[in-house]
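Undergrad: Questions regarding the structure given below will be posed in turn.
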Amino acid sequence: MVPSIARQSVIIKCSMQKSVLTGNYEFYYAAGLLKKLCGVEIPEDIKPLELENLVSESLKSLSPKDEKEQWLFGMLSDYKPFEEYDEQMKELLLWGMGEEYPWSVTIPG
């Protein structure tokens with residue numbers, strides 16, 4: 001898996017308001033982005049089903065700031081993760097948490 005593809009996929013889906021999350025890689029990046037945008041506390045080594053529960057509970061008390069966040073919230077609430085977990089998922093979660101260019105497919109530089 002190339003992590004940048006999962007990142008770009010989430011950004012494009014939120015920008016175009018099309019499609020759904022299609023795998024745990026996208027789910028982890030999207031969850032990290034949720035932390036970045038809304039301050040949701042997410043442990044770095046969280047497993048998929050735990051992350052699903054944490055995100056689900058967090059979304060109940062959040063209000064999206066714009067249409068992109070609204071789509072992100074919807075994709076996160078609809079996604080049912082697989083139990084499999086690997087280090088790239090953690091990498092994508094951390095990337096989302098530290099995202100410097102939310103909603104920008106290309107990264108300057």
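The values are calculated or read from the model by the stated rules, or taken from the named source; none is laboratory data. None of these values were measured; they are calculated from a predicted model. Glycine also receives a Cβ, built like all others from the backbone with ideal geometry; neighbour counts cover every protein chain displayed. SASA here: full protein model, heavy atoms, side chains in, ligands and nucleic acids out. Shrake-Rupley method; radii C 1.70, N 1.55, O 1.52, S 1.80 Å.
Undergrad: Of the residues Leu59, Leu94, which is open to solvent by less than 60 Å² (accessible area, probe 1.4 Å) and not aromatic (Phe, Trp, Tyr)?
TA: Leu59
Undergrad: How about segment 1-56: which of its residues are among the charged types (D, E, K, R) and within 21 Å of Tyr85 (Cα to Cα)?
TA: Selection gives Arg7, Glu26, Lys35, Glu41, Glu44, Asp45, Lys47, Glu50, Glu52.
Undergrad: So how many residues does segment 70-91 have that are free of Cβ contacts under 8 Å to residues at least 40 places away in the same chain, open to solvent by less than 60 Å² (accessible area, probe 1.4 Å) and in a loop (DSSP other than H, G, I, E, B)?
TA: 1
Undergrad: Still on this structure, I have one more. Mind checking which pairs have a first residue in segment 1-19 that is in contact (Cβ under 8 Å) with a residue 12 or more places away in the chain and a second that is part of a helix (DSSP H, G or I) and among the hydroxyl-bearing types (Ser, Thr, Tyr), Cβ under 7 Å, 6 or more apart or different chains?
TA: Met1/Tyr25; Ala6/Tyr25; Ala6/Tyr29; Arg7/Tyr29; Val10/Tyr29
Undergrad: Within segment 20-33, can one find any residue that is free of Cβ contacts under 8 Å to residues at least 40 places away in the same chain, part of a helix (DSSP H, G or I) and either open to solvent by 40 Å² or more (accessible area, probe 1.4 Å) or at positive phi (or both)?
TA: no
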